[in-house]
Structures are given as C-alpha cells and as structure tokens.
Amino acid sequence: MTVNSLDPEILLAVEAAQEKQALDVSVLNLSGSGAFADYFLLCSGSSQPQIQAIGEAIEEKLHRHGRRAAHREGKSSAEWVLLDYGFFVVHIFSERARQYYDLERLWRNAERIEFHEPSGPAPARAKSHDERPSESEGNATQQ
C-alpha cells in the first residue's frame, strides 16, 4: 500500500485532519481481514474542541466532494469521534482514548501508512517498514 494507491476520499480526509493539526495520522489497510471496512483512518486531537474540529473539517471536505458520512458517533464531550464512510472509517481520539483502545495493536497485521506534518513542498512518499523518516523527506511512511 502506498500513498498514491489510497482512494482520493481517504486522502481528502487525511488532508482535512492535517489542516486541523491532528496528531499521529495513519491509515490501516484492513481489506481481506474480514473487518467491516477496508480502511481505518486514525488520528488524535489534544483537546475535545480539537477532536470535534477535526471531525467537522473531514465531514465538510468530503461533503464538498459529494460524500457524506453514513454514520457519526461522538458528541462534543466525547474522547472518540467515529465517521463511517462505508469502505473506510475515521477514528478521531483523545490521546488517552487512543492508547486505551489501541486499534493499531488490535489490527497489528494490517498494512499501515503514517502521515507526518509536511516539512516543505516535497510530496508525500511511502516508506518501507525498515526505513526511518527524516524531517526533510515527504510526509508519509509505510509500516
């Protein structure tokens, strides 16, 4: 799985999350695993208002591109917001909730792309699990 192989809607959701300074943005490829969705987009917010802002930004951006969430869970005081887009599900956590539920561990066999804050004009580039990202290289790594 590479950044370029991801569905454009997932990339739009990643972009919206990054625009709201989401932390630890990653995509898990669950296709073929028997999960109810092919992909999970995971990210964290440092406060409840930020978690809500990330969710709203993702919904707005995808709505502008003709896509609405089939289901949304998480209220303004929630530590976890879930946006269900059918083939992919967005999980926006507080840092504490993300550690507690640890979906990365639960789905540890899934292919994973981590997105980092862009460090300049270089395009996103997927990296193999063995490569370590440097600050001057792209904004995505594959694990």
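The values are calculated or read from the model by the stated rules, or taken from the named source; none is laboratory data. Nothing here was measured: the structure is a model prediction, and the numbers come from that model. Cβ: placed from backbone, ideal geometry, glycine included. Neighbour counts: every protein chain shown. Heavy atoms of the whole protein, side chains included, go into the accessibility calculation; ligands, DNA and RNA do not. Shrake-Rupley method; radii C 1.70, N 1.55, O 1.52, S 1.80 Å.
Yes or no: Gly32 exposed (fewer than 14 other Cβ atoms within 10 Å of the Cβ), of a type in the set (Gly, Ala, Ser) and without any contact (Cβ under 8 Å) to a residue 12 or more places away in the chain?
yes
Just one of Gln52, Gln99, Gln18 is over 22 Å from His116 (Cβ atoms), of a type in the set (S, T, N, Q) and out of contact with any Lys or Arg (no Cβ under 8 Å at 6 or more places or on another chain); which is it?
It is Gln52.
Going through Glu135, Glu131 one at a time, which residue ends up being more than 19 Å from Gln18 (Cα to Cα), outside any strand (DSSP E or B) and either open to solvent by less than 90 Å² (accessible area, probe 1.4 Å) or modelled with pLDDT under 50 (or both)?
Glu131
Across region 41-94, what is the number of residues that are surrounded by 15 or more Cβ atoms within 10 Å (Cβ to Cβ) and assigned to a strand (DSSP E or B)?
Summing the residues that are surrounded by 15 or more Cβ atoms within 10 Å (Cβ to Cβ) and assigned to a strand (DSSP E or B) in region 41-94 gives 17.
Yes/no matrix, rows are residues, columns are (1) within 16 Å of His91 (Cβ to Cβ); (2) in a helix (DSSP H, G or I); (3) not charged (D, E, K, R):
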site: Leu12; (1), (2), (3): no, yes, yes
site: Glu15; (1), (2), (3): no, yes, no
site: Gln21; (1), (2), (3): no, no, yes
site: Val25; (1), (2), (3): yes, no, yes
